[in-house]
Every structure is written in structure tokens, then in C-alpha cells.
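Engineer: I have a structure here, written as C-alpha cells, and I will follow up with some questions on it.
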Amino acid sequence: MLMYVIAILFAWWVMLPIKWDKFLQHPRGPQAVLLRVLLAVALGSSLARFLLEYAGFAQRLKFLFS
């Protein structure tokens, strides 16, 4: 759970320098903020799932060669 929160915060931080006014008409509006939150959650959860699966695979890898 903590990994998901950290990954979502990381995704939010990564998306901060994006110039949203080039993509959206009202980049400060509530719909644009909701879009950024949903994108951060989607990207962050995908990143966390990847990292957790990678860590699990790395732990199981030692059983493959023993």
C-alpha cells in the first residue's frame, strides 16, 4: 500500500512540469485537476505494480537456479 502511495506521488511530481495549457482549454479548472489526479493514479499504480512484480520475480529467481 505504501508503495502505491509513493508511486502516485512520484507520478504527480513527474507530471508537474507538463504545460497543460497546450492540451487543455482551462488548465486550472476542476476538470483539468481531476484529469491530472486520475493520470497520476493510473501511472503511479502501474509503476507500483511493475515494481512489486519485479521485486517478487527477483526473489523467486533464486529458486530457479538452486
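Engineer: Could we say that Leu61 is over 13 Å from the mean Cα position of the chain (by Cα) and surrounded by 13 or more Cβ atoms within 10 Å (Cβ to Cβ) here? Reasoning before the result, please.
Structural biologist: Values: over 13 Å from the mean Cα position of the chain (by Cα): yes; surrounded by 13 or more Cβ atoms within 10 Å (Cβ to Cβ): no.
No, not satisfied.
Engineer: Please enumerate the residues belonging to region 47-58 that are surrounded by 11 or more Cβ atoms within 10 Å (Cβ to Cβ) and aromatic (Phe, Trp, Tyr).
Structural biologist: Phe50, the sole residue that qualifies.
Engineer: Let me ask you something else. What pairs come up if the first residue lies in region 40-56 and is touching a residue at least 40 places away in the same chain (Cβ under 8 Å), the second is among the small types (Gly, Ala, Ser), and their beta carbons are under 8 Å apart, counting only those six or more places apart or on different chains?
Structural biologist: Listed by first residue and then by second, the contacts come to Gly44/Ala7; Gly44/Ala11; Ser45/Ala7; Leu47/Ala7; Leu47/Ala11; Ala48/Ala7; Leu51/Ala7.
Engineer: Mind checking which pairs have a first residue in region 13-37 that is in contact (Cβ under 8 Å) with a residue 12 or more places away in the chain and a second that is not hydrophobic (A, V, I, L, M, F, W, C), Cβ under 7 Å, 6 or more apart or different chains?
Structural biologist: Within 7 Å, the pairs are Met15/Arg36; Trp20/Pro27; Ala32/His26.
Engineer: Ok, one more. If you scan region 14-41, which residues turn out to be of a type in the set (A, V, I, L, M, F, W, C), surrounded by fewer than 11 Cβ atoms within 10 Å (Cβ to Cβ) and outside any loop (DSSP other than H, G, I, E, B)? Lay out the reasoning, then the answer.
Structural biologist: Quick first cut of region 14-41, residues of a type in the set (A, V, I, L, M, F, W, C) only: 14-16, 18, 20, 23-24, 32-35, 37-41.
From what is left, the residues that are surrounded by fewer than 11 Cβ atoms within 10 Å (Cβ to Cβ) are 16, 23, 34, 38.
Answer for region 14-41, where residues must be of a type in the set (A, V, I, L, M, F, W, C), surrounded by fewer than 11 Cβ atoms within 10 Å (Cβ to Cβ) and outside any loop (DSSP other than H, G, I, E, B): Leu34, Leu38.
Engineer: With respect to Gly44, determine if the residue is small (Gly, Ala, Ser) and loosely packed, with under 14 Cβ neighbours inside 10 Å.
Structural biologist: Details: small (Gly, Ala, Ser): yes; loosely packed, with under 14 Cβ neighbours inside 10 Å: no.
So Gly44 does not fit the description; no.
Just so you know, all these numbers are worked out from the coordinates, no wet-lab data involved. Being a predicted model, the structure only gives us computed values, none of them experimental. Please note: Cβ atoms are built from the backbone with ideal geometry, for glycine as well, and neighbour counts cover all protein chains shown.
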